[in-house]
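The values are calculated or read from the model by the stated rules, or taken from the named source; none is laboratory data. As the structure is a computational prediction, the values presented were derived from the model and not from experiment. Cβ coordinates were reconstructed from backbone atoms using ideal geometry, including for glycine residues, and neighbour counts include every protein chain displayed.
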Amino acid sequence: MSAPQLDEVFPNIFKVRQGGVEYLATRNLTPGRTFYGEPTFTIDGQEYRSWNPTRSKLAAAIMKGVALQPIKPGSNVLYLGAASGTTVSHVSDIVGDSGHVWALDFSARSLRDLLDKVSRYRVNVSPIMGDARRPEEYAVLVSRVDVVFADVAQPNQAEIMVKNASLFLKRGGHAMLSIKSRSIDVVGRPSEIYRSQVEVLEGAGLRVSQLISLEPYEKDHAMAIAELA
Ligand SMILES: C[S@@+](CC[C@H](N)C(=O)[O-])C[C@H]1O[C@@H](n2cnc3c(N)ncnc32)[C@H](O)[C@@H]1O
């Protein structure tokens, strides 16, 4: 098989092409250790982990050609709805040793998986058991961040983002909101539901620069990216 080709599409985020197939990937911060059975590639002595856009809204947004991706090397990120840490593990690769990820979920089972599989091997990930609707309860555990990322699939997704951004987001920082239209209204038109969530963000001073559909990777999902003006 031909040697893999590597392109950096955003800082620390890559596309690997091998045998006519293109994979999104991040450079593995813990070489030799994978987290959910993802394939790896070794290129010029560095290990890269494949990042599946059908299992990660952030990967789906990148594959859909998002123009601005604010999670960078050195970023501090508050991640709401971490589940067992599939996407968190890639965010940890992207921010690297000089950044940090506070990974929050209210499911004890998910948090246990996140601890066992991800954060015990990665010093730049702090797991938090908490309810994203009540940020004041975990405020002492989180510092000011460059990015608040939310993937909580709740009816009041945008309000949850606004509450967390107002407590934790630096001025000029970015909010990334994964919107699942069916969590808000099962029969409504997804495009109208996305707009209603954008209005909630904008009403709170979060200037939305992008709203991108995540289809075909995630049905009835979009990602809004906003800046705290
Ligand atoms: C779609 S899954 C997240 C998948 C994950 N972001 C990933 O890409 O690997 C949604 C997660 O949000 C969590 N969640 C939902 N509502 C929450 C809340 N109010 N506070 C904290 N976590 C919440 C659920 O327990 C679930 O693990």
Cβ-Cβ under 8 Å pairs, at least 6 apart or on other chains, region 187-203 side touching a residue at least 12 places away in the same chain (Cβ under 8 Å) and surrounded by 12 or more Cβ atoms within 10 Å (Cβ to Cβ), far side charged (D, E, K, R) and not in a helix (DSSP H, G or I): Pro190/Asp220; Ile193/Asp185
Pair list, Cβ under 8 Å, 6 or more apart: region 42-63 residue more than 21 Å from Ala3 (Cα to Cα), other residue within 11 Å of the ligand (Cβ to nearest atom) and aromatic (Phe, Trp, Tyr): Arg55/Tyr36; Leu58/Phe149; Ala59/Trp51
Matching residues, region 67-77, being part of a loop (DSSP other than H, G, I, E, B), of a type in the set (A, V, I, L, M) and either buried (at least 17 other Cβ atoms within 10 Å of the Cβ) or without any contact (Cβ under 8 Å) to a residue 60 or more places away in the chain (or both): Ile71
Any chance Ser75 is at pLDDT 95 or above, more than 15 Å from the ligand (Cβ to nearest atom), within 22 Å of Leu214 (Cβ to Cβ) and of a type outside the set (D, E, K, R): yes
Failed criterion for Arg55 (all others in (1) modelled with pLDDT of 95 or more; (2) assigned to a loop (DSSP other than H, G, I, E, B); (3) under 15 Å from the mean Cα position of the chain (by Cα); (4) more than 14 Å from the ligand (Cβ to nearest atom) hold): (4)
Residue check for Ser50: touching a Ser or Thr at 6+ places or on another chain (Cβ under 6 Å) and either within 20 Å of Asn124 (Cβ to Cβ) or surrounded by fewer than 24 Cβ atoms within 10 Å (Cβ to Cβ) (or both): no
Residues (among the aliphatic types (A, V, I, L, M) and more than 25 Å from the chain's Cα centre (by Cα)) located in region 3-20: Ala3
Considering residues of region 78-96 that are more than 9 Å from the chain's Cα centre (by Cα) and part of a helix (DSSP H, G or I) only, the residue farthest from the ligand (Cβ to nearest atom): Val95
Residues (surrounded by 17 or more Cβ atoms within 10 Å (Cβ to Cβ) and assigned to a strand (DSSP E or B)) located in region 19-42: Tyr23, Leu24, Ala25, Thr26, Arg27, Phe41
Filter pass, Ala61 being at pLDDT 95 or above and buried (at least 18 other Cβ atoms within 10 Å of the Cβ): yes
Check on Val123, within 30 Å of Gly37 (Cβ to Cβ) and exposed (fewer than 14 other Cβ atoms within 10 Å of the Cβ): yes
Test: residue in region 128-140 that is touching a strand residue (DSSP E or B) at 6+ places or on another chain (Cβ under 9 Å) and over 21 Å from Ala83 (Cβ atoms): no
Arg109 over 15 Å from the mean Cα position of the chain (by Cα), part of a helix (DSSP H, G or I), more than 26 Å from Glu22 (Cα to Cα) and not acidic (Asp, Glu): yes
